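Working notes, beginning with the structure itself.
The values are calculated or read from the model by the stated rules, or taken from the named source; none is laboratory data. Source: prediction; values computed, not measured. Neighbour counts run over all protein chains shown; Cβ positions are idealised from the backbone, glycine included.
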């Protein structure tokens, strides 16, 4: 059984998960951004794995680059396909959207898994930020966050064993998504959630008449740099889609952003801020280094 594990990552969580899966399955680890300049993508592997973070769960949950990657893949009908979506607490129906998209392109998602790999700020803190402008502060100021994050990494070992055992035995039918009852409840609140999300992205992009997925690449207009910036260029190097250029004035965003926050999370001077990342934690996976992200555009 030959396997290829394709990944997209911003903070390192998806990369770390994909790396672990590839090692267990003795498969090849391949960065999705390194292939996106091709009109079509072919693979001789029997098994195709997709590992990515959940973005904009109010819509599809699948990053735009991963969505386009699936559209480029050839001969999906002959592949055993599985996916792992890592998240920070809300995968929603991401796996179902992914399964439908793969089906529409002639393939079948035989196994779809989700795993909480990142611990965000508490909801209460985000609400205080949203309504009262209270600064979120350092994550270390929240008791329990560090311990919870440590447990998450430990729990991943169990999930890794579950996923790789399932794939090795060519399991079928496991798609980790919402139950019918949860989907019905979701449908009640989804219009309001999407309205709020759309409003936020219109603000970030500075646009008012765009479809949501047209707003996403333009949301980088809300990034800002502080006086800490020394134009080291790390942000441009770690950006998986080459969306940043360095000039005399420092980094500039080119408006084909994937909203992965790699620039924000990997900046060694903590010099990148802005409304787009006002609720984000400036962290990355402890087992992943900056070189891994510089290599992402080059193949992994």
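Brief remarks follow.
- Scoring residue 240 on the criteria (1) in contact with a helix residue (DSSP H, G or I) (Cβ under 6 Å, 6 or more places away or on another chain); (2) over 22 Å from residue 68 (Cβ atoms) leaves a single failure, condition (2).
- Test: residue in the stretch 53-67 that is in contact (Cβ under 8 Å) with a residue 40 or more places away in the chain, buried (at least 22 other Cβ atoms within 10 Å of the Cβ) and over 28 Å from residue 185 (Cβ atoms): no
- Filtering 61, 89 for residues that are at pLDDT below 95 and on the phi > 0 side of the Ramachandran plot leaves a single hit, 89.
- Among the residues making up the stretch 123-144, those that are more than 13 Å from residue 278 (Cβ to Cβ), assigned to a loop (DSSP other than H, G, I, E, B) and out of contact with any helix residue (DSSP H, G or I) (no Cβ under 8 Å at 6 or more places or on another chain) are 138, 143, 144.
- The residue list 99, 85 contains one member that is surrounded by 13 or more Cβ atoms within 10 Å (Cβ to Cβ) and farther than 20 Å from residue 241 by Cα, which is 99.
- Considering residues of the stretch 146-160 that are modelled with pLDDT of 90 or more and touching a helix residue (DSSP H, G or I) at 6+ places or on another chain (Cβ under 8 Å) only, the residue surrounded by the fewest Cβ atoms within 10 Å (Cβ to Cβ): 160
- Hits in the stretch 270-290 (condition: farther than 23 Å from residue 142 by Cα and surrounded by fewer than 18 Cβ atoms within 10 Å (Cβ to Cβ)): 289, 290
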